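What follows is one structure encoded as structure tokens, with my remarks underneath.
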Amino acid sequence: MAARQLSAKKPKDLGYTVRTLLSYMGRHKFLLLAVALLVTVSALANLLGTYMIRPVVNSLQEGGTAALAAGVAATAAIYAVGAACAYGYTQVMVRAAQKVLFDIRRDLFAHLQKLPLRFFDTRRHGDVMSYFTNDVDTISDALNNSFAMAIQSFIQMAGTLVILFLLNWRLSLVVAVCYGVMFWYVRFSGRRSKAYYTRQQASLGDLDGYIEEMVNGQKVVKVFSHEDENLKGFRQKNEALRRAGTGAQSYAATMVPAVVSISYVNYAIVAVLGGIMAMNGTTDLGSLASYLVFVRQAAAPINQFTQQSNFLLAALAGAERVFQVMDQEPETDEGRVELAAQGGRWFWQREDGARTPLRGDVRFEQVDFGYEVGRPILKGISLYAKPGQKIAFVGSTGAGKTTITNLINRFYDVQKGRVTYDGFDVRDIRKASLRRSLGIVLQDTHLFTGTVADNIRFGKLDATQEEVERAARIASADSFIRRLPQGYDTMVTSDGANLSQGQRQLLAIARAAVADPPVLILDEATSSIDTRTEALIEKGMDQLMEGRTVFVIAHRLSTVRNADAILVLDQGRIVERGSHEELLAQKGMYYQLYNGMFELS
């Protein structure tokens, strides 16, 4: 049963992970070649320094003081060269490792920017952050601590075995057998701990995601007194991480003791057999002394290699998760129509140079869509928004209101039918141009670390201070901003924790206003604003919406009374369309929603 569980958790393609990591290292091959050269010299110096025991001991037997002094001096010089090279490769390796990590982080972040919204909708933010922290950190540990050491250990293992055969091939047969047993056990333990390291990285990402959710939702947690329940959930995930970590370390931790034990047995056997051979005169004392030191030291590079294998296995597990994300298909953009501006007017420009004025005519033609296969959200949706019209969507939660706006800006693509924008299928418009033409104010506002002005300017990065302040006045945010400690230069931190929810939403509206888009999408844009502030915003928004096509999603029906057309959605279908007065006269679902609202108030 345990074997089946382990096999299910093995890396899908370890060879691919290694090749990809090596390709990143290959970008800095000259630095790494310098590391390899310095490591090789350092390892060979250690081997040669140990070999020098043979001539030094033999010079003692022959009584040559000068030869002894020369041998000691030569040994010291050899070890000095080795130490200098060791210092050199550690410094070069630090620089090479940081360059490799810089490339991986850069490419990972750049690729995340290209991934479709679906990727982020199906993952917790903590798990995404874990790619940059835990997973990249394991790669960092391996590059900084293990890469050079693994090369050095391999050279020393191979060099030691070669020298042992040169010194005494008969005794070396025993050593070779013991080497074989050591490597078999290292491979046996490594294969089993590798699966647990993969599971450990996944559990760590899951735990990070859970912690981030609970920290961000502390107000909700405390309101409902769910501290004990959250602690229970944390313990479960922490226990899963403990089991995976224990499994990984249990196998890995046995490697060094096993290698040491085998090396002791090996040394005892070789010492006895070597002593017999020295008494029989089949080997000289210097060769035996040097040979026994090599045998005693033979376990050291193997121990080092097995210790570094823990870092390497964790790094491969982390690298696999990172490269799997980087292998995710990026958001496709087959659009050929781009947005262009001339003389203060917007145009759609095709590949042949032909231009079509941007009017803001948006239409849905028999659109079907579902976030999951077999679970449709929208069914046969057909609607139109003529240029300059204000279209409102109302309906119960889950009716598909926000989904419609997600299809307009191509956060998702329709599965049947099509969405057109000024006669162009939105799939034929380049996504950057499509989204540049749309101003969106979401129900869930998000503010970035920076000044208030910076957050408004996020809608138009080159906006002047005058444009920023004008947008704030349109959104009725100017007065409260000027009352802040540093006004427009007040720092916003922790997603606007130092502002009220209503103030954050006003800044989001100002951000859309400064972009001056031809089409506006307001998704519950006034949901967190009191009725007095809402009245002020509507005056400013009238100016902003003039001559623009506007889509409004609102639960508060008072905000949609002046819409040119109100669309009532129910279970993914449009069941009513008309003006406020027309829908009230029909006494259908809108009539019930409208009157129900006032009954609740």
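The values are calculated or read from the model by the stated rules, or taken from the named source; none is laboratory data. Since the model is a prediction, treat every value here as computed from it, not as a measurement. Cβ sites come from the backbone with ideal geometry, for glycine too, and all protein chains shown count toward neighbours. All accessible areas refer to the heavy atoms of the entire protein, side chains included, with ligands and DNA or RNA removed. Shrake-Rupley method; radii C 1.70, N 1.55, O 1.52, S 1.80 Å.
For E329 and A76, what does the FRET efficiency come to when R0 = 56 Å and r is the distance between their Cβ atoms, rounded to the nearest 0.05?
Numbers: r = 60 Å, r/R0 = 1.07.
Approximately 0.40, to the nearest 0.05.
Where nothing but the Cβ of Lys and Arg (+1) and of Asp and Glu (-1) is charged, how large is the charge dipole of the range 425-504 around its Cα centre, in debye to the nearest 20?
Details: 12 positive and 11 negative charges, 37 e Å.
Using only the charged Cβ atoms, the result is roughly 180 debye.
Report the one residue of F551, Y264, P301 whose Cα lies farthest in the direction of the positive end of the charge dipole of the chain (charges on C-beta: Lys and Arg +1, Asp and Glu -1; origin at the Cα centre).
It is Y264, whose Cα lies furthest towards the positive end.
For the range 368-502, what is the Kirkwood hydrodynamic radius in Å, using each pair of distinct C-alpha atoms? Could the numbers behind the result be given before it?
Numbers: mean 1/r = 0.0565 Å⁻¹.
Its Kirkwood hydrodynamic radius stands at 17.7 Å.
Modelling each spin label as a point 7 Å along the Cα-to-Cβ direction, I'd like the V177/M545 distance in nm, to one decimal.
Distance between label points: 9.0 nm.
Dipole of the chain (Lys/Arg Cβ +1, Asp/Glu Cβ -1, origin at the Cα centre): which of A195, A475, F119 lies farthest to the positive side?
Farthest along the dipole direction, towards plus: A195.
How large is the charge dipole for the chain, taken about the Cα centre, if only the Cβ atoms of Lys, Arg (+1) and Asp, Glu (-1) carry charge, to the nearest 20 debye? Show your work: numbers first, answer last.
Values: 66 positive and 58 negative charges, 262 e Å.
My answer is approximately 1260 debye.
Please compute the length gained on full extension between Y264 and F448, using 0.36 nm multiplied by the number of residues separating them and subtracting their Cα-Cα distance.
On the way: separation 184, 0.36 × 184 = 66.24 nm, distance 6.08 nm.
Gain in length upon complete extension: 60.2 nm.
Among G588, Y89, G318, whose Cα projects farthest towards the positive end of the dipole of the chain, with charges put on the beta-carbon of Lys, Arg (+1) and Asp, Glu (-1)?
Of G588, Y89, G318, it is Y89.
In the chain, carbon and sulfur make up what percent of the accessible area (probe 1.4 Å)? Kindly include the intermediate steps, with their values, before the conclusion.
Details: 17160 of 29970 Å².
Carbon with sulfur: 57 percent of the solvent-accessible area.
Using a 7 Å offset from the Cα along the Cα-to-Cβ direction at both F120 and Q501, what is the distance between the two label points in nm, to one decimal?
2.2
Taking the simple approach of a point 7 Å from Cα along Cα-to-Cβ for both Q465 and F154, what is their distance in nm?
6.0
What number comes out for accessible area per residue over the chain if the probe is 1.4 Å? Units Å², please. Let's see the in-between values first.
Details: 29970 Å² over 601 residues.
With the other protein chains kept in place, the chain gives 50 Å² per residue.
Please check which bits of the range 328-367 a label hung off Y16 would reach, taking the label as a point 7 Å along Cα-to-C-beta and the cut-off as backbone N under 12 Å.
328-329
Given a Förster distance of 60 angstrom, what is the FRET efficiency for S396 paired with L273, based on the Cβ-Cβ distance and rounded to 0.05?
E between S396 and L273, to the nearest 0.05, is 0.10.
Beyond 25 Å, how much of the Cα-Cα pair distribution for the range 60-160 remains, as a whole percent?
51
What is the calculated FRET efficiency for R436 to F188, with r their C-beta to C-beta distance and R₀ = 60 Å, to the nearest 0.05? All intermediate terms of the calculation are to be shown ahead of the outcome.
On the way: r = 58 Å, r/R0 = 0.97.
Step by step, r from the Cβ atoms, then E = 0.55.
With +1 on each Lys and Arg Cβ and -1 on each Asp and Glu Cβ, and nothing else charged, work out how big the dipole of the range 331-449 is about its Cα centre, in Debye to the nearest 20.
Working: 19 positive and 15 negative charges, 77 e Å.
For this selection, approximately 360 debye.
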